[in-house]
1. For segment 81-99, name all the residues that are assigned to a helix (DSSP H, G or I) and in contact with a helix residue (DSSP H, G or I) (Cβ under 7 Å, 6 or more places away or on another chain).
2. Among (1) in a loop (DSSP other than H, G, I, E, B); (2) surrounded by 14 or more Cβ atoms within 10 Å (Cβ to Cβ); (3) charged (D, E, K, R), which single condition is ARG18 missing?
3. Search segment 83-110 for residues that are within 17 Å of PHE128 (Cα to Cα) and among the charged types (D, E, K, R) and pair each with any residue that is open to solvent by 60 Å² or more (accessible area, probe 1.4 Å) and not in a loop (DSSP other than H, G, I, E, B) when their beta-carbon atoms are under 9 Å apart and the residues are at least 6 apart or on different chains.
4. For segment 62-78, enumerate the residues that are in contact (Cβ under 8 Å) with a residue 12 or more places away in the chain, more than 12 Å from ILE3 (Cα to Cα) and open to solvent by less than 90 Å² (accessible area, probe 1.4 Å).
5. Pull out all pairs, ordered by first then second residue, where Cβ-Cβ is under 6 Å, the residues are six or more apart or on different chains, the first lies in segment 1-15 and is closer than 16 Å to ILE36 by Cα, and the second is part of a strand (DSSP E or B).
6. Could you go through segment 133-156 and let me know if any residue there is of a type in the set (A, V, I, L, M), in a loop (DSSP other than H, G, I, E, B) and either touching a Ser or Thr at 6+ places or on another chain (Cβ under 8 Å) or open to solvent by 80 Å² or more (accessible area, probe 1.4 Å) (or both).
Amino acid sequence: SRIDEILHIKPQDFDWERNNLTLRVTKMKAAKGERIGKPRTFVISSQFARRMRKYISDNKIGDDELLFKMSSQSVYQLLRRKLQELEFKDWYNFSLHNIRKTHGNYLKSMGIDSGEICYRLGHDMNTFIKHYGSANVFDRKDKQGMVRILGDLYGTK
């Protein structure tokens, strides 16, 4: 999801029983005549759900409070700082957007329906085809790593 969508998530946006997340603040598509973005609800892995519940509990975040009280610029700076601290190779090449694209490509390579990926990322099919068309570059070892990252999302585990 886009950083501005993530920064507007509240605990009440999670459906813990179904492992769903609803993004209520989404990108507006003016070209399609939208005045406000349309909310999207999609599945999350049980591993991610557990981590989020713990984060909410540990930080005593109320149901109607924002999970992350920071600006998008702060998030970008935090990502870069953490990648440097971890001595991540080529840390300067990473951005939140390319992590988002990687997620889309992982899902595509795992055989998830393109329509589902488009909905999850808030894209139309043309955008998906243009930007997420290189998923066949992954080998078996890469796909095993993807399963570890994605957990049980869409039954990938």
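1. Residues of segment 81-99 assigned to a helix (DSSP H, G or I): 81-85, 91-93, 96-99.
Across segment 81-99, the qualifying residues are LEU83, GLN84, TRP91, LEU96.
2. Unmet condition: (2).
3. Note: pairs meeting the criteria are LYS101/HIS131; LYS108/ASN136.
4. GLY62, GLU65, LEU66, LEU67 - these are the residues of segment 62-78 that are in contact (Cβ under 8 Å) with a residue 12 or more places away in the chain, more than 12 Å from ILE3 (Cα to Cα) and open to solvent by less than 90 Å² (accessible area, probe 1.4 Å).
5. Listed pairs, sorted by first residue: GLU5/LEU23.
6. Filtering segment 133-156 down to residues of a type in the set (A, V, I, L, M) leaves 135, 137, 146-147, 149-150, 153.
Right, trim to in a loop (DSSP other than H, G, I, E, B) and you get none.
No - not one qualifying residue is present in segment 133-156.
The values are calculated or read from the model by the stated rules, or taken from the named source; none is laboratory data. It should be emphasised that the depicted structure is a prediction, and the values quoted were computed from it without experimental measurement. Counting neighbours? That spans all protein chains shown, and the Cβs are built from the backbone with ideal geometry, glycine included. Heavy atoms of the whole protein, side chains included, go into the accessibility calculation; ligands, DNA and RNA do not. Shrake-Rupley method; radii C 1.70, N 1.55, O 1.52, S 1.80 Å.
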